[in-house]
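Okay, so here's the structure we're looking at.
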Amino acid sequence: MTCYKIVVAYDGTGYHGWQFQPHATTITQVLIDSFFSVFQHNITILGASRTDAGVHALGQVAIVRSPIDIPVAKIKKAWNNALPEQIVIQQVDKLDSLVHPHTGVKQKIYMYHFFLKRPLPFFQRYGWYINQPVDINYLEKSLQVFVGKHDFRSFCTGDEAQSTIRVVDSAEVKFIPEYGAYRIVIKGKGFLRYMVRRIVGACLTAALQKDVTIEDLRKVLQAKNPCNTLPNAPAKGLLLYQILYE
């Protein structure tokens, strides 16, 4: 078997997430099918991050195992030509041996975009349009509740079999004038399923002044109860921006 490391960008609209599902169209399945259509061989793919339905990526990293050895320039060009326009392989590197895509991860960077004014049609599918006033200063303060090492059981699916303790390195808000969007940037070594979207949804609820305070967010975090009523932010605003390795 020959192993490759690939970096993939995709528009998650209309896909049922990254991970293979037997009766749904996923990014992984499209990658496998398109590779077979070109090279007539099956491959296995293991991603570094499992993005959910409707979530986008600019820098998803995956390990590919192939029964044939193909030059990286050829594999990138031919594979991209077989992919739909929503998916692009940005980089292909041949590996000396099989490694897990989680090995050596230093930091994952997620971005969440939202609009306070109706966005242009070119941008609306990549962010949450909130047609209400948002206190950006309060949003920034709310995000700081989650920075550091915490048990994030209250901000995941609740189905996790392993530890729900994670470390958020930083969380900040920026305004991106060329898109008319606000961008929340959250960095950490690893995240639980729904964790980023639940944090963003909770903090924006507080910033919308809907009877949720920063102290309420702290209490929910400390309660370690995933059944709280704080909302998930919509999937379309979330982007896996980059995965950094040691």
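Readers should treat all values here as calculations from the given coordinates under stated rules, not as data from a laboratory. What you are looking at is a predicted structure, and each value in this text was computed from that prediction instead of being measured. Note that each Cβ is placed from the backbone with ideal geometry, even for glycine, and that neighbours are counted across all protein chains shown.
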Can you list the HN-Hα couplings for segment 218-233, worked out from phi with the Karplus curve (6.51, -1.76, 1.60; θ = phi - 60°), rounded to whole Hz and with x for Gly and Pro?
4, 5, 5, 4, 6, 6, 6, 10, x, 8, 5, 9, 5, x, 7, 6
Sorted peptide list for 217-230, 193-206, 4-17, 101-114, criterion being average Cβ within 10 angstrom, highest first
193-206, 4-17, 101-114, 217-230
Step through the table entries 106/236; 94/149; 189/224; 141/189; 76/149, compare each Cα-Cα distance with 27 Å, and write down the pairs that go over it.
94/149; 76/149
Phi-based couplings in Hz for segment 179-186 (Karplus 6.51, -1.76, 1.60; Gly and Pro marked x):
10, x, 10, 9, 10, 8, 10, 10
How large is ³J(HN,Hα) for each residue in segment 79-84, as worked out from phi by the Karplus curve 6.51 cos²θ - 1.76 cosθ + 1.60 (θ = phi - 60°), to whole Hz, x for Gly and Pro?
5, 4, 5, 8, 8, x
Hits among aspartates and glutamates - C-alpha to C-alpha of residue 74 under 16 Å, sequence gap 8 or more where chains match:
93
Expected max-MSF residue from 131, 42, 232 in the GNM of the chain (alpha carbon, under 10 Å) is 131
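Full extension from residue 94 to residue 129: what is 0.36 nm times the residue separation minus their Cα-Cα distance, to one decimal in nm?
Full extension from residue 94 to residue 129 adds 8.5 nm.
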Taking 169, 52 and counting other C-beta atoms within 10 Å, the order from fewest to most
169, 52
